[in-house]
Amino acid sequence: MLSRNIVQLACLDGVGVRYVDEHLGREPFASTARPGHVRPAGSTAMGLAALSGLDPDAASAVVVALPAADVEHATAAVPEARQRGYAIDPGRVHPSVFGVAVPVTGYPGFALGVPLVEVLPHAWRAEARRYQEVVAALRAAVSVVTTAPV
């Protein structure tokens, strides 16, 4: 399922999230972070998923140090992501790009995610089948990566 999507791996880097690797399943689009890019951790699904993989005290320490515009959002979004097991960015970085990301089990501060372009962003719903399929595929990918022999 993910083979046709852009799939990204990122890790926390201070109050940012650094994109470290990617799979380009289609042509990249301008608003997609590339390996080496750093974005505020509180403004992306990748950052929120990475924060949700930390213990709550460690995540809170990062959240309070985020840029002021992200603190309130991240304060609510990180526990929500932790509870449901994935984070979303409903168009905060770009109005037509919706990020979905999961924390990487066993690697606190890492996340695996997919940016999805929505041609009808006003119709976006987190519970939509498309998003649930992406979340399931990301979880399966994390499971394979974290259980593979080294």
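The values are calculated or read from the model by the stated rules, or taken from the named source; none is laboratory data. Computed from a prediction, not measured in an experiment: that's the story for all the values here. Neighbour counts are summed over all protein chains in view; Cβ atoms, including those assigned to glycine, are modelled from backbone coordinates with ideal geometry. For accessibility, only protein heavy atoms count, side chains too; no ligands or nucleic acids. Shrake-Rupley method; radii C 1.70, N 1.55, O 1.52, S 1.80 Å.
With K and R counted +1 and D and E -1, the other residues having a Cβ less than 11 Å from that of VAL63 yield a net charge of -3. Roughly speaking, what % of Cα-Cα pairs in segment 17-93 are separated by over 18 Å, rounded to a whole number? Looking at segment 17-93, the distances longer than 18 Å represent 39 percent of pairs. Structure remark: mean-square fluctuation, Gaussian network model of the chain, C-alpha springs under 10 Å; the largest value among GLY113, GLY36, GLY16 belongs to GLY36.
The tail of the calculated P(r) for segment 53-104, taken as Cα-Cα distances beyond 12 Å, holds 66 percent of the pairs.
Using heavy atoms of the protein chains and a probe of 1.4 Å, the accessible area assigned to VAL20 is about 60 Å². For the chain, the equivalent ellipsoid derived from the alpha-carbon gyration tensor has semi-axes of 21, 18, 15 Å in decreasing order.
Local charge for GLY99 was computed over the other residues whose Cβ lies under 12 Å away, with Lys and Arg +1 and Asp and Glu -1, and equals 0. Legend: helices of the chain (whole DSSP H runs) are marked when their alpha-carbon atoms reach 18 angstrom or more along the helix axis and their mean Kyte-Doolittle hydropathy is at least 0.0; marked are 129-147.
The residues of segment 1-88 expose on average 47 square angstrom of accessible surface per residue, using a 1.4 Å probe on protein heavy atoms. The listed residues ILE88, ILE6 rank as ILE88, ILE6 when sorted by accessible area, largest first, using a 1.4 Å probe. Using a probe of 1.4 Å on the protein chains alone, the accessible area found for HIS37 is around 80 Å².
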